[in-house]
Amino acid sequence: MKAIDDELTGVRSRAALMSALQRCVMQSNEQRTPMAVLVVDVDGFAQINNVHGYQAGDEVLRHLAAQLGEVARPHDVLARIGSDRFVLLLNRILNRGHAELAIQKIFRLMDVPLQTRSVRFGVGVSVGAALCPMHATHPELVLRLAEAALSNARSVGHRHAYAPDAEVGLGISDVWDLELQLPGAIERGEMELHYQPQVCAADLSVIGAEALMRWKTPGRGYVSPAVFIPMAERTGEIRKLTSWALNTALRHAAEWAPERCLGVSVNLPGMLVTEPDLPEIVEAALRLWGTERVALTLEITEGSLMDSERAFASLARLRELGTRVSIDDFGTGYSCLAYFRDIPADELKIDQSFIKALLVDPATADITRFIVNLAQRFNLSVSAEGVEDEATLRAVQALGCQTVQGYLIGKAMPSSAFRRWLQEYRQGCAA
Ligand code: C2E
Ligand code: CA
Ligand code: CA
């Protein structure tokens, strides 16, 4: 598939990687065969461009892609995810030793100086690695941990590093421990909902917030939702958590700004979308907390809409109840284009990986533009999440996204803090 390949190096693009990663991690979890994510980054790439010119820079990237191609086996996936950053997914490995062998082979191949038409020079690379399930069992988290491992390696002057085992990586006994604790978490008051602001892209006025779950355990402090949500899905605990989140979010949102209508978005796990009693659960929560002053949006990940006929019927029913439907992490699933015509949704929330790559990867920018245009054609509004800096904000505004969410505007915070934030933000805007 040419459109999703990286033009310069011929390896997969970031978008293609994200769907491959999701598939591979799912397979790894199901078949209980470990996999590794290696993030490979060129040392001092900016300097190579400065000293030897952009052509040499391009040559370095093509060379690295070719060497990584030597390391990849037929069922592995190789992609470029940033200007000089590559990812190699090693599927079906037996243990960490296999990842280590691959990393050492990368170093061996790259230790041979690169001979371009005019110059010969050495190209150093650094590698960060994370394994599923040893470090994490969620695609985004495995990638994030591998990237964090890469920065750790650099900060201590090593060529490569693995994600930390003790802190983030959960051993089997940790998983059991957390799974045992999870059922009583709400009753013990350990579960919290935090709220991340969502603003209008055009004038940055506040539209509402996304509710994000936090689990504060006595032993470990905050456990990431990327850890406990998949766990709750596995154990069935997710029904109770979702119902709690719906009720809590509606209750909190009604307290924020009595004088105006704000929105609150709640994440709805894919596995609940087709549950026959979902509309009743939502309806009961709406009835209990009143809907006049709070607009409820349910965020459903694109990947969970595979069984589209049943899921679409369920979403249509939810919209009849007056909730908005937003398709979360859009771009990482496997939607076909016909989907746009029929989907009972109000909004597409473009996945963070696209927004983060917007300024560095022209192909990603093209795909994002394409998604926005298509969404507009079908009257879907578009939300950009993961906006961390002004330049990215300007880019998503120029693309025509309607709403923005990200650290630039604000991180997720407890309800009371969000209420204060709202007042201060408005004063700031008025000043
Ligand atoms: P998501 O729904 O895609 O939520 C967005 C995640 O991106 C949140 O992480 C948020 O804190 C983070 N984020 C927002 N802006 C930025 C930014 O500018 N930069 C960066 N680096 N990150 C940003 P969080 O809270 O850790 O949640 C992770 C995932 O856990 C969520 O992804 C969602 O899939 C799941 N999750 C969280 N709360 C719930 C919940 O109540 N129910 C369900 N079913 N899933 C939840
Ligand atoms: Ca979400
Ligand atoms: Ca998302």
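The values are calculated or read from the model by the stated rules, or taken from the named source; none is laboratory data. Just so it is clear, the model here is predicted, and its values are computed rather than measured. Backbone-built Cβ (ideal geometry, glycine too); neighbour counts: all protein chains shown. To get the accessible areas, we keep the full protein, side chains included, count just its heavy atoms, and leave off ligands, DNA and RNA. Shrake-Rupley method; radii C 1.70, N 1.55, O 1.52, S 1.80 Å.
Summary table
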item	result
Amide H within-cut-off set for Ala209, under 5 Å, with H built and near neighbours excluded	Gln198, Gly263, Val264, Ser265
Highest-MSF residue in the chain out of Pro197, Pro269, Pro113 [GNM, Cα springs under 10 Å]	Pro113
Tail beyond 37 Å, pair distance distribution of the chain (Cα, percent)	27
Net dipole in debye of the chain [+1 Lys, Arg Cβ; -1 Asp, Glu Cβ; about Cα centre; nearest 20]	480
Note, ³J(HN,Hα) from phi for the stretch 213-218, Karplus 6.51, -1.76, 1.60, rounded to Hz, x at Gly and Pro	7, 10, 10, 9, 8, x
Efficiency of FRET from Cβ geometry, Arg117 and Ser224, R₀ 60 Å, rounded to 0.05	0.80
Cα coordinate range in the stretch 110-231, projected on the principal axes (Å, largest first)	67, 49, 22
Positive-pole candidate from Gly290, Gln402, Ile371, dipole of the chain, charges at beta carbon	Ile371
Cut-off under 5 Å, modelled amide H: who pairs with Tyr162 long-range	Ala129
Vicinal HN-Hα couplings computed from phi for the stretch 254-264 (Karplus, 6.51 cos²θ - 1.76 cosθ + 1.60; Hz; Gly/Pro x)	5, 8, 5, 9, x, 8, 9, 8, 10, x, 9
Mean Cα-pair separation over length for the chain, i.e. relative contact order, pairs under 8 Å, 6 or more apart, %	13
Helix-only mean residue ellipticity at 222 nm for the chain, each DSSP H run of n ≥ 4 adding -39500 (n - 2.57), per residue, nearest 500	-14500 deg cm²/dmol
For Val223, net neighbour charge (Lys/Arg +1, Asp/Glu -1) across residues whose Cβ lies under 9 Å away	+3
Fully extended contour minus Cα-Cα distance, from Ala46 to Val360, at 0.36 nm per residue	111.7 nm
Spread of Cα-to-Cα distances over 5 Å intervals beginning at zero, given as percent, for the stretch 263-400	2, 10, 20, 22, 18, 14, 9, 5, 2, 0
Residue-by-residue Karplus 3J(HN,Hα) for the stretch 100-116, coefficients 6.51, -1.76, 1.60, Hz, glycine and proline x	4, 4, 5, 4, 5, 5, 4, 4, 4, 5, 7, 5, 6, x, 8, 9, 8
Approximate spin-label separation Ala313-Ala391, in nm, with each point projected 7 Å along Cα-to-Cβ	5.0
Straight-distance crosslink candidates among lysines, where the alpha carbon sits under 19 Å from Lys411 and sequence neighbours closer than 8 are dropped	Lys216, Lys349, Lys356
Max mean-square fluctuation residue, GNM over the chain, Cα-Cα springs under 10 Å, options Glu259, Glu385, Glu100	Glu259
Projected label distance in nm at Glu320 and Arg108, using a 7 Å step from Cα toward the beta-carbon	6.4
Approximate spin-label separation Glu424-Arg73, in nm, with each point projected 7 Å along Cα-to-Cβ	5.3
Candidates His52, His160, His98, ranked by Gaussian network fluctuation over the chain, Cα under 10 Å, top entry	His52
Förster-model FRET efficiency, 25 Å R0, Arg32 and Asp5, C-beta, rounded to 0.05	0.20
Full-extension gain in nm, Thr217 to Arg159, via 0.36 nm per residue minus C-alpha separation	17.4 nm
Amide H within-cut-off set for Val325, under 5 Å, with H built and near neighbours excluded	Leu298, Asp346, Glu347
Calculated P(r) of the stretch 1-118 - Cα pairs past 18 Å, %	53
Ranking by accessible area, most exposed first, for His63, His75, His158 with a 1.4 Å probe	His158, His75, His63
Solvent-accessible area of Leu94 with every protein chain in place, 1.4 Å probe, in Å² to the nearest 10	130
